[in-house]
Structures are given as structure tokens and as C-alpha cells.
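Single-structure report; data block below.
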Amino acid sequence: MELLQMSKKELSRVEVLERLKAKKMRQKKGAEALGLSVRQVRRLQKKYTQKGAAGLIHQGRGKPSNNRLSSETRQQAIDLLHSLYADFGPTFAHEKLAEKHDLVLSSGSVRQIMIRENLWIPRKVKKIVAHQMRERRACFGELVQIDGSPHRWFEDRAPACTLLVFIDDATGKLGELRFVKSESFFSYAAAARAYLERHGKPLAFYSDKHGIFRVNQPSVGTGENLTQFGRAMQELEIVIICANTPQAKGRVERVNLTLQDRLVKEMRLRGISSMEEGNAYMPEFTEDFNRRFAVAPRSNNDAHRRLLLKDNLDQILTWQEARMISKNLSVQFKNVVYQIQTERPTYALRKAKVTVCLNPDGKVTILYKDKELAYKIFKTQTKQSQVLSSKDVDHKVDKVRKQHKPASDHPWRKGFSTPLSGPKADISTLSK
């Protein structure tokens, strides 16, 4: 007795054909039950009468597919995947095989090859956590999500650094990518300036609750509780919105994960090993990324606004603090005492309110009624303790370690020797 392996679909056909054979069902009803035409049911009846149930089994079962990959193409893909793309995802590896090696494969074929070669483990179904959905904004430039992503972007070729990411909410376009040592006011100011000069002023920036965007301690800051970045954006008429959770700004969080995968591997393939080389490559990567993943906005209106003549970015994007000139015409800022130089009578500037501006290069400008005052450095005071966020601690410690290097004649470099014998050997007999 021959044992046949049949699918559920084929077994259902046997049941219907048996009823047709016993005249318990008409061909039209049988065709409706199987979802076939009446002519196809007649063909199946003929096969079933001649060969029995074996005639209903698919003739291609157990045979290699006519559309299967050639052994040469499969082996070439396996060799390239192991040598160059071992840690790539199937979709990304499929793109690179097509772009750089002209291998015509489907992403599904690449995925199956990587699974068989133990280069890719299928993701398990995760527990679904429900979050309230928010529809994309309608216009390009209405809402720009910004974030910093600390990561080993250059793997072992360079120290870890941070990538600042600006992504439009309506289109998913990357507006600015910039490698910096750490998240700071000046790093965000430089990235924002590049974005503003390229696209114009968006209506709002959407960020997390980092201390750069929001005063987390009410006692710190100005009376308006604005950070330096918040003050600069207020002058440019750009609203800053802080998200309560990472899921609320999910678009920039998800693109961070994509960049940690794609961007790292693209720079590895190009041999990019420094922040300078990485920033030079960013325009090319951004253009390619937007071409692949950006979507069309619901509205063709561009919500960006042009920079005006009053938008002096050189002055607005500086660190600014208000000060009062003392009786002896001095101002203290960042542990330095500045002596004001003026030809006016001394009483004219006593207790006058000025604005001290610090630019990224460390140059200090003192403004009185929007006019620059001349000064000279009178005294530099000792530095006191600083308050840092958790993201900036490692960067600060590494900076201090690099600054301090023991001298060549330091006792730590010489070492110590202990006398081996002697009746009066004690700590005083150690050699210098």
C-alpha cells in the first residue's frame, strides 16, 4: 500500500470529488466549494478517475524549482556575505550586493541564505506595547525632531562620539547630521546654524528633556527659565517642544537605530575613521538616505521661514549672560574679571546692565545697548566645581585625563627601591 503525503487543500479536493463521483453534488456546487472553475473541476475528475488520489498531488513537489538560483550565484553571494557583510541585515546586504557587485537576488533569497549560513537570526515576535499614535505633520518644516545619539560610530577605529540628528516629521527627511564630541550648547548651535542656512527657520524643534533644551531645575537660569539654546531659538521665533517619553519622538529614535546600523557599515566600507572625515561624508549619505526613505508630505507648502536681516546668527548663537558693571567698571564672567575701557565719565557706566557673549572660539564680547565695549582682562580666578549632566561626565573626565601628564622626572616615573638588608633599614633609607 502506497503512502501519500497530501496538503489540506488536496485533501479537501478528494472529499469534493468523492461526492461528485457518488452523484451527491453537482459540478457547479463543487467548483464553488473549491474556488475553481467548472472546467478545472472536470479536469480534476478525469485525473482522479485515472490515477486516484495520487493524481491530485502537485507534480512539482519534491523537485527543485525552475526559478532557483544557480549554484555559482549562490556561492558568490555566500562568499561576499561572509567576507564583507557578515553583520549586515538582509535588506541592507541585498542593497549592497546589487549596487556594488551586480548580483541580482531578491531580499528574501538573501535572507534565506543568511539564515542557513547562521549570519542572521530571525527576530522573535515581541510583546506588543500600545502607544498612542500621532499622525505626521502636514507640511515640510512644521516640526523638526532633534536628538543626540552617543555611539561607537567608527567602531574601533576612533573613540566614541555623538551624532546630532535633525529629521523632519512630515517627510522623514534628514535635515542635518553632525558628529560632535558630546551634546553641548555650542554643538547644537553649530548644527542648528547649518540647518537654518540650508532650509530656513522651522516652526518648532521637538526634543527630549535634556538640560540643553529645558531648565530641569527651576532655580537655575534666567527669570524666564530659558536655557541658552531656548533663548537663542526664542530670538529666532522657533518653538521648542520637549517630549515626555522617548516613544513620543519615535521618529528620531527609530532613525537613530537605523543610522547605528547603516551609517556605521557605510563608513566601514569607505574606511572613514574620524569625525572630520565623517562630517565630510554626511551630505552624500544624507542625500542617499532621503532618496530611499523620505516620503511625500500631505501638503506641498513649505513651512520654513527665511532668515531676516535682524537674525544675526553670529550674535544669537553665542552663550549670553547678563551682568552689571561694578563701581570700578569691572565685570566678572566665567571666573575672569574684565576691566571696561571707556573714555566716558566713570559714573556713566556704574551699575549699567550689559550682556556678555561667548562664541565657540572662546572670544568674549561685552554689549551695552547692543554696542560693543572695549575691555582688558584684569584677573583670572581659580575654577570651582561644575554641574554636569550624565551624558557629559565621560567627556569631561577624558578631557581632564589628557590635560594632566606627569613630568619626565616625576617620582612616579622613577620608581622606588627597598634595601635588602641592614640593621637600621627603615622607610628613611629608601633611595630617592
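The values are calculated or read from the model by the stated rules, or taken from the named source; none is laboratory data. Only a predicted model underlies this, so the values are computations on that prediction, with no experimental measurement involved. Cβ placement follows ideal geometry from the backbone for every residue including glycine, while neighbour counts extend to all protein chains displayed.
Any residue at all in region 200-207 that is in contact with a helix residue (DSSP H, G or I) (Cβ under 9 Å, 6 or more places away or on another chain), more than 27 Å from M133 (Cβ to Cβ), crowded, with 20+ Cβ neighbours inside 10 Å and hydroxyl-bearing (S, T, Y)?
no
(1) touching a residue at least 60 places away in the same chain (Cβ under 8 Å); (2) within 29 Å of L307 (Cβ to Cβ): which one isn't true of S187, the others all being true?
(1)
Of (1) modelled with pLDDT under 95; (2) touching a Gly at 6+ places or on another chain (Cβ under 8 Å), V165 satisfies all except one. Which?
(1)
Quick check: is even one residue across region 212-224 under 25 Å from D361 (Cβ atoms), crowded, with 19+ Cβ neighbours inside 10 Å and without any contact (Cβ under 8 Å) to a residue 24 or more places away in the chain?
no
Tell me which residues, restricted to region 280-307, are within 20 Å of V255 (Cα to Cα) and among the basic types (K, R).
Of everything in region 280-307, those that are within 20 Å of V255 (Cα to Cα) and among the basic types (K, R) turn out to be R291, R292.
On the given criteria, is E176 surrounded by fewer than 19 Cβ atoms within 10 Å (Cβ to Cβ) and either touching a Leu at 6+ places or on another chain (Cβ under 6 Å) or under 20 Å from P297 (Cβ atoms) (or both)?
So E176 fails the test.
Determine whether region 294-309 contains at least one residue that is assigned to a helix (DSSP H, G or I) and either farther than 30 Å from W153 by Cα or touching a Cys at 6+ places or on another chain (Cβ under 8 Å) (or both). Quick ask: steps written out before the conclusion?
In the first step, residues of region 294-309 are kept if they are assigned to a helix (DSSP H, G or I); the result is none.
No: region 294-309 contains no residue that is assigned to a helix (DSSP H, G or I) and either farther than 30 Å from W153 by Cα or touching a Cys at 6+ places or on another chain (Cβ under 8 Å) (or both).
Name the pairs: first residue in region 296-319 and among the basic types (K, R), second residue in a loop (DSSP other than H, G, I, E, B) and surrounded by fewer than 16 Cβ atoms within 10 Å (Cβ to Cβ), Cβ to Cβ under 7 Å, at least 6 apart or on different chains?
R298/A138; R305/G200; R306/G200
Can you pull out the residues in region 44-70 that are in a loop (DSSP other than H, G, I, E, B), among the basic types (K, R) and in contact with a helix residue (DSSP H, G or I) (Cβ under 9 Å, 6 or more places away or on another chain)?
Listed by number, the list holds a single entry, R68.
May I ask you to verify whether A138 is surrounded by fewer than 21 Cβ atoms within 10 Å (Cβ to Cβ), touching a residue at least 60 places away in the same chain (Cβ under 8 Å), closer than 28 Å to N301 by Cα and hydrophobic (A, V, I, L, M, F, W, C)?
Considered against the rule, which asks whether it is surrounded by fewer than 21 Cβ atoms within 10 Å (Cβ to Cβ), touching a residue at least 60 places away in the same chain (Cβ under 8 Å), closer than 28 Å to N301 by Cα and hydrophobic (A, V, I, L, M, F, W, C), A138 comes out as yes.
Give me a count of the residues in region 329-341 that are in a loop (DSSP other than H, G, I, E, B) and surrounded by 15 or more Cβ atoms within 10 Å (Cβ to Cβ).
Total meeting the criteria: 1.
Select from region 48-79 the residues that are buried (at least 17 other Cβ atoms within 10 Å of the Cβ) and of a type in the set (A, V, I, L, M) and list them in ascending order.
Listed by number, the residues that qualify are A53, L56, L69, A77.
Can you tell me which residues in region 28-52 are β-branched (V, I, T) and under 60 Å from the mean Cα position of the chain (by Cα)?
If the condition is that a residue be β-branched (V, I, T) and under 60 Å from the mean Cα position of the chain (by Cα), then V38, V41 are the ones that fit.
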